[in-house]
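Read the structure below first, then the notes.
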Amino acid sequence: MAATPSTMLDLGTPAPAFSLTDVVSGRVISLDSFRDKSVLLVMFICHHCPFVKHVHAELARLGADYAGRDVGIVAISANDPAVSADDSPEGLKRMAAEWGLTYPVCFDVTQAVAKSYQAACTPDFFVFDKARKLAYRGQLDDSRPSNNMPVTGADLRGAIDALLAGRTPDANQKFSIGCNIKWKAGNEPAYYLTPAAHA
């Protein structure tokens, strides 16, 4: 079954700070890395999840389409690599190359960053405005691996484009759906649903 979060960060929440290493470049990435950008997209993804694989081409298109625009993008994986080696730093580096991801891809080894964002599944998306207040949290679009709907990125792109145009994104936002984040044993956050509710 697919996972959905039991709670979501409130709109207007300040972006939680982080300092993580980009598995490709070795650079340390933080909120300050995007200080010159008016919009920041933080996404939680992984290599092995079929929901992420389903949208991987759109994830690459996001990087290409917003390159040179006033948008910062960072991808974070918090999955325990003991569950799947594809989600190790080496696996994520391979993912970035295979999928053509042009933005930083970071590994959250302690899973603390994922917890601070209340990330629950992969993929999960968070968009922050110039003041780094949360303006969107939810799905990429309505496409799922089993529903034959095209992957367009419509919901996420709509939020980003609204902010770029100086508008507030629609507050009617849909939960993201995907594989649950693979928490280390004993490290599951309070907002984590029962295992029976997860993929």
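Summed over region 26-54, residues that are of a type in the set (Gly, Ala, Ser), out of contact with any helix residue (DSSP H, G or I) (no Cβ under 9 Å at 6 or more places or on another chain) and more than 15 Å from ILE76 (Cβ to Cβ) total 1. Residues that are over 18 Å from CYS49 (Cα atoms) and either at pLDDT 95 or above or of a type in the set (Asp, Glu) (or both) do not occur anywhere in region 84-98.
Which of the numbered conditions does SER19 fail, given that it passes all the others? Conditions: (1) closer than 22 Å to PRO189 by Cβ; (2) open to solvent by less than 40 Å² (accessible area, probe 1.4 Å); (3) modelled with pLDDT of 95 or more. Among (1) closer than 22 Å to PRO189 by Cβ; (2) open to solvent by less than 40 Å² (accessible area, probe 1.4 Å); (3) modelled with pLDDT of 95 or more, SER19 violates only (2).
Taking the criterion of being part of a loop (DSSP other than H, G, I, E, B) and of a type in the set (Lys, Arg), the residues of region 132-144 that qualify are ARG132, ARG144. Being surrounded by fewer than 20 Cβ atoms within 10 Å (Cβ to Cβ) and under 17 Å from ARG157 (Cβ atoms) is a property that holds for ARG69. Screening region 29-51 for residues that are surrounded by fewer than 18 Cβ atoms within 10 Å (Cβ to Cβ) and touching a strand residue (DSSP E or B) at 6+ places or on another chain (Cβ under 6 Å) and picking the one that is farthest from CYS179 (Cα to Cα) gives LYS37. Which one of the conditions (1) of a type in the set (S, T, N, Q); (2) open to solvent by 60 Å² or more (accessible area, probe 1.4 Å); (3) under 24 Å from ASP70 (Cα atoms) does GLN173 fail to meet, given that it meets all the rest? So the condition that GLN173 fails would be (2). Kindly evaluate ASP87 against the criterion of being open to solvent by less than 60 Å² (accessible area, probe 1.4 Å) and either more than 23 Å from GLY138 (Cα to Cα) or not polar (S, T, N, Q) (or both). Answer is yes for this residue. Scanning region 176-194 for residues that are among the small types (Gly, Ala, Ser) and assigned to a loop (DSSP other than H, G, I, E, B), we see that the one that is surrounded by the most Cβ atoms within 10 Å (Cβ to Cβ) is SER176. Among the residues of region 145-169, the ones that are in a loop (DSSP other than H, G, I, E, B), buried (at least 17 other Cβ atoms within 10 Å of the Cβ), in contact with a Phe, Trp or Tyr (Cβ under 7 Å, 6 or more places away or on another chain) and touching a residue at least 60 places away in the same chain (Cβ under 8 Å) come to 0 in all. Here ALA78 fulfils each of the conditions (1) of a type in the set (Gly, Ala, Ser); (2) over 16 Å from GLY178 (Cβ atoms); (3) in contact (Cβ under 8 Å) with a residue 24 or more places away in the chain apart from (2).
The values are calculated or read from the model by the stated rules, or taken from the named source; none is laboratory data. All of these numbers come straight from a predicted model, not from anything done at the bench. Cβ sites come from the backbone with ideal geometry, for glycine too, and all protein chains shown count toward neighbours. Note: accessible area is taken over every heavy atom of the protein model, side chains too, but ligands, DNA and RNA are not part of it. Shrake-Rupley method; radii C 1.70, N 1.55, O 1.52, S 1.80 Å.
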